[in-house]
Amino acid sequence: MAAIQFHDVLSGTCIIEGEKSSLQKAEYALELLDKQFTKAFMGLCAGYEKAKPGDYPIFVYNPQPYKEEQIFNGEFFLLDGIISETEGYEFTIKKDGKEVPFQVVKESSCINMDRSKRLAIKTELNPLSLTRFDVEVRRGERKYLDKTTVTEFINANGVKTSFDEENGGLNSYMVGGNEYLGGNAFTPIVFDDNADPWGWHMKKIGSNYRKAESKISLRVIERGDLLTTVESIYDTGKSDIRVAYTLYKDFNYIDVTVNVYWNDAGKGLKLELPLKEIGRFIGQTSFGTQEYGQESEECSQRFVGVEKDGKVLAVFKDGTYGCSIENGNLYITLLNGSVYCAHPVANLPIIDETRFNHYIDLGRHEFTFRLEVCKEEELEKKATAFTQKPYALNFYPHGNGEKKEVSAITLSNENITLSAFRKVAVDTYMVRLVNNFKSEANCACTVFDQSLNLSFSKYEVKTLLYERGVLKEHKSMLNL
């Protein structure tokens, strides 16, 4: 689903025909961009050495200008399928001839044979460039998932997580010996709403909050050496909501996926995170971080969180904007109960209740989040890493090995983020960097073969030009 973030489209205040027209334009733009991205990706892959017989090469593009250990997913389709209850495929994954850790996870396909495979791979990726992995395949014993329910997890860094066995919510999140949650976090909350998508005269969204009922409290759907995923299913009487949590052995964050099948006309949906302690309520704005008030609906971009004693309990988001703190709970707004292009007029009813009306948010939805405790100066970088994940593709190169990984841009300070990098003229490239923090920062930026030491003031945006082999700071952002 594409979204044009213009207010009358994003909020649904247009009519249905306006929404369809906007999505058509957005999807067409994404199709054109996808073709250009694929062309560029294939160009980067050209020249790599051909795969050995029976191997499956996976190329991964890291959009971040720094090295960082992380987990990404690579999927591929095996030449032959195995239909057996005892026999299946086994793998070895190598990077530069050395084995890397991985875990087999659920593939996109639901065909019950061993053929389409999806691997979660843990490694350090080259900055803003490709990294190659070679998957060696052999026949072996078919592995089955251990579905024994576990409600408490402790990772390699001592981060302790526990779940409510009866209600399926995230009960506890302890980092560095400190508890950050008050129990049953990410519980779906249904609320009463009105038909007005503009929200005239509204300080907050919704009233009469009530928890969705737990339908399946907790079950394990992934378990291995790298990660464990558990899910809970909720029921509102008309709608179903699935909340899945992925916990990592070596990383302190929790990834949360929410799948919604919404059929509650006139009702809205939020996620509730009871907080152990209340601090500064902050969120991301355009090239900045803003502090919000409480008991009112706010709008943040890719992160929202609560800061106390230098640490932030952050929720990173991908395409979800509404949030609030009420009565010690952090709420993330997912859906509302508005009607297309309804509007208060004098004292007349907002809509005609005697006929069918089209509600904006009915249907199928998916939302993704990441819960993590970090420093405030790390928020921008971590939000970028969450929303701009590595791209992996099973691709067969046809070169002789002359191609080598070259990082187009590297940054010495990971809390300075890359906002844009593009070609603006012949032999000229533009680089835009952001310091989204209240303190000054220094960073060495290397573009191809040229380096520049930079000093950032608080919340400063800098533009650089790499022109005919020379890297320099550009004082104006106009026409770039």
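The values are calculated or read from the model by the stated rules, or taken from the named source; none is laboratory data. Not measured: the values here are computed from a predicted model. Positions of Cβ are generated from backbone atoms using ideal geometry, with glycine treated the same way; all protein chains shown enter the neighbour counts. Just the protein is used for accessible areas: all its heavy atoms, side chains included, with ligands, DNA and RNA removed. Shrake-Rupley method; radii C 1.70, N 1.55, O 1.52, S 1.80 Å.
Suppose we filter TYR396, TYR331, TYR340, TYR321 for residues that are in contact with a Lys or Arg (Cβ under 8 Å, 6 or more places away or on another chain), surrounded by fewer than 20 Cβ atoms within 10 Å (Cβ to Cβ) and not basic (Lys, Arg); which single one remains?
Values: TYR331 fails: surrounded by fewer than 20 Cβ atoms within 10 Å (Cβ to Cβ); TYR340 fails: in contact with a Lys or Arg (Cβ under 8 Å, 6 or more places away or on another chain); TYR321 fails: in contact with a Lys or Arg (Cβ under 8 Å, 6 or more places away or on another chain).
Answer to the check: TYR396.
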Looking at segment 234-245, which of the residues that are surrounded by fewer than 21 Cβ atoms within 10 Å (Cβ to Cβ) and within 29 Å of ILE121 (Cβ to Cβ) is nearest to the chain's Cα centre (by Cα)? ALA244
State the number of residues belonging to segment 123-144 that are open to solvent by 30 Å² or more (accessible area, probe 1.4 Å) and either in contact with a helix residue (DSSP H, G or I) (Cβ under 6 Å, 6 or more places away or on another chain) or outside any loop (DSSP other than H, G, I, E, B) (or both). 8
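For TYR261, are the conditions met, namely being hydroxyl-bearing (Ser, Thr, Tyr), part of a strand (DSSP E or B) and open to solvent by less than 30 Å² (accessible area, probe 1.4 Å)?
Values: hydroxyl-bearing (Ser, Thr, Tyr): yes; part of a strand (DSSP E or B): yes; open to solvent by less than 30 Å² (accessible area, probe 1.4 Å): no.
No: the conditions fail for TYR261.
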Say we look at segment 281-318 and pick out the residues that are farther than 25 Å from PHE163 by Cα and touching a helix residue (DSSP H, G or I) at 6+ places or on another chain (Cβ under 9 Å); which of these is surrounded by the fewest Cβ atoms within 10 Å (Cβ to Cβ)? GLY310
Any residue in segment 430-441 that is open to solvent by less than 50 Å² (accessible area, probe 1.4 Å), under 30 Å from ILE282 (Cα atoms), of a type in the set (D, E, K, R) and in contact (Cβ under 8 Å) with a residue 40 or more places away in the chain? yes
Could you check SER407 against (1) surrounded by 18 or more Cβ atoms within 10 Å (Cβ to Cβ); (2) of a type outside the set (A, V, I, L, M); (3) at pLDDT below 95 and say which number it fails? (1)
Qualifying positions in segment 17-64 - open to solvent by less than 50 Å² (accessible area, probe 1.4 Å) and more than 28 Å from the chain's Cα centre (by Cα): ALA46, GLY47, TYR48, ALA51, ASP55
Subset of segment 442-464 (residues that are touching a residue at least 40 places away in the same chain (Cβ under 8 Å) and either in contact with a His (Cβ under 8 Å, 6 or more places away or on another chain) or among the charged types (D, E, K, R) (or both)): none
Members of segment 151-165 that are in a loop (DSSP other than H, G, I, E, B), open to solvent by less than 50 Å² (accessible area, probe 1.4 Å) and over 18 Å from CYS374 (Cβ atoms): THR151, ASP164
Considering residues that are of a type in the set (A, V, I, L, M) and either open to solvent by 50 Å² or more (accessible area, probe 1.4 Å) or outside any loop (DSSP other than H, G, I, E, B) (or both), the number found within segment 200-217 is 2
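In segment 291-311, what residues are among the polar types (S, T, N, Q) and closer than 21 Å to VAL256 by Cα? Give the steps one after another, and end with the answer.
Kept after step one, since they are among the polar types (S, T, N, Q), are these residues of segment 291-311: 294, 296, 300-301.
Result: SER300, GLN301.
For (1) free of Cβ contacts under 8 Å to residues at least 40 places away in the same chain; (2) part of a strand (DSSP E or B); (3) surrounded by 15 or more Cβ atoms within 10 Å (Cβ to Cβ), each residue gets a yes or a no:
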position: ASP146; (1), (2), (3): no, no, no
position: ASN167; (1), (2), (3): no, no, yes
position: ASN171; (1), (2), (3): yes, yes, yes
position: GLY183; (1), (2), (3): no, no, yes
position: PRO188; (1), (2), (3): no, yes, yes
position: ASN194; (1), (2), (3): no, no, yes
position: TRP198; (1), (2), (3): no, no, yes
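Here is a list: LYS458, LYS472, LYS389. Which entry is in a strand (DSSP E or B), open to solvent by 40 Å² or more (accessible area, probe 1.4 Å) and of a type in the set (Lys, Arg)? Please lay out each step first, then the result.
Working: LYS458 fails: in a strand (DSSP E or B); LYS389 fails: in a strand (DSSP E or B).
Result of the check over LYS458, LYS472, LYS389: LYS472.
Filter the strands (runs of 3 or more DSSP E) completely within segment 38-114 down to those with at least 1 residues that are free of Cβ contacts under 8 Å to residues at least 40 places away in the same chain.
Working: elements: 55-61, 68-82, 87-95, 102-105.
Where strands (runs of 3 or more DSSP E) fall fully within segment 38-114 and carry at least 1 residues being free of Cβ contacts under 8 Å to residues at least 40 places away in the same chain, they are 68-82, 87-95.
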Quick one: which of GLU353, GLU366, GLU378, GLU402 is farther than 18 Å from GLY12 by Cα, outside any loop (DSSP other than H, G, I, E, B) and acidic (Asp, Glu)? GLU378
Assess whether ILE111 counts as being at pLDDT below 95 and β-branched (Val, Ile, Thr). yes
